[in-house]
Amino acid sequence: MVSTEYERRIAARFAGFDQDGNGYIDREDFNAATKALLAEFGTTARSDKGQALYIGAEAFWQGMAGIADRDGDQRITREEFVSGAVKRLRDNPDRFAEIARPFLHAALAVADTDGDGAATVEETARVLRALGVGDGLAATAAAALDADADGRIGETEVVSAFARYFTVPE
């Protein structure tokens with residue numbers, strides 16, 4: 001049985017997806033996140049990286065809607081998010097992270113200004129800030145993502161951290 005505390009932790013993650021604060025997650029929240037990232041890094045929507053980010057955001061939205069939008073209205077309420085995420089995480093936390101992989105991969109590509117396949121800790125902090133994470137927390141979280149302390153953050157580290165974010169207490 002899933003504990004109430006576990007559900008509370010998952011519910012707390014809802015606000016990070018609800019970019020406009022209107023009380024539900026929808027496709028526009030994913031588009032807003034994409035626009036914010038592109039603006040932060042001066043990347044145009046029509047560029048290859050911009051298009052990959054929009055495609056990744058759409059894939060993420062579709063995956064999220066597929067597990068959580070129970071009434072099919074193309075909006076995910078907090079209750080739908082909690083019940084959908086809890087069910088998915090109970091089965092396999094890493095599988096939940098996989099729905100985000102195309103977006104995370106594309107976001108790293110946008111942030112990777114030198115094209116070496118990984119983002120620096122500072123570039124990663126910029127991504128987090130663009131997505132609405134406060135300055136101090138963004139810097140702390142980005143540093144924590146650098147598990148091997150090489151100053152670079154790759155896709156494996158980001159996808160793994162995404163899964164942990166939904167399964168480990170704050």
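Every number in this text was worked out from the coordinates using simple rules, so none of it is lab data. All values reported here derive from a predicted model rather than from experimental measurement. Neighbour counts are summed over all protein chains in view; Cβ atoms, including those assigned to glycine, are modelled from backbone coordinates with ideal geometry.
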Check your understanding: What is the Cα coordinate range of the chain on the first, second and third principal axes, sorted by size from largest, in whole angstrom?
Key -> 45, 34, 26
Point to revise | Taking the convex hull of Cα positions in region 64-128, its mean projected area over all directions (nm²) | key: 5.4 nm²
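How much mean residue ellipticity at 222 nm does the chain get from its helices, if each DSSP H run of length 4 or more adds -39500 (n - 2.57) and you divide by all residues, to the nearest 500 deg cm²/dmol?
Working: 8 runs with 117 residues, N = 170.
Mean residue ellipticity, 222 nm, calculated: -22500 deg cm²/dmol.
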**Study point:** Alpha-carbon centroids, region 8-48 and region 108-170: separation in whole Å
**Key:** 16 Å
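If you count, for each residue, the other Cβ atoms within 10 Å and average over each peptide, how do 23-34, 46-57 line up from highest to lowest?
Descending mean neighbour count gives 23-34, 46-57.
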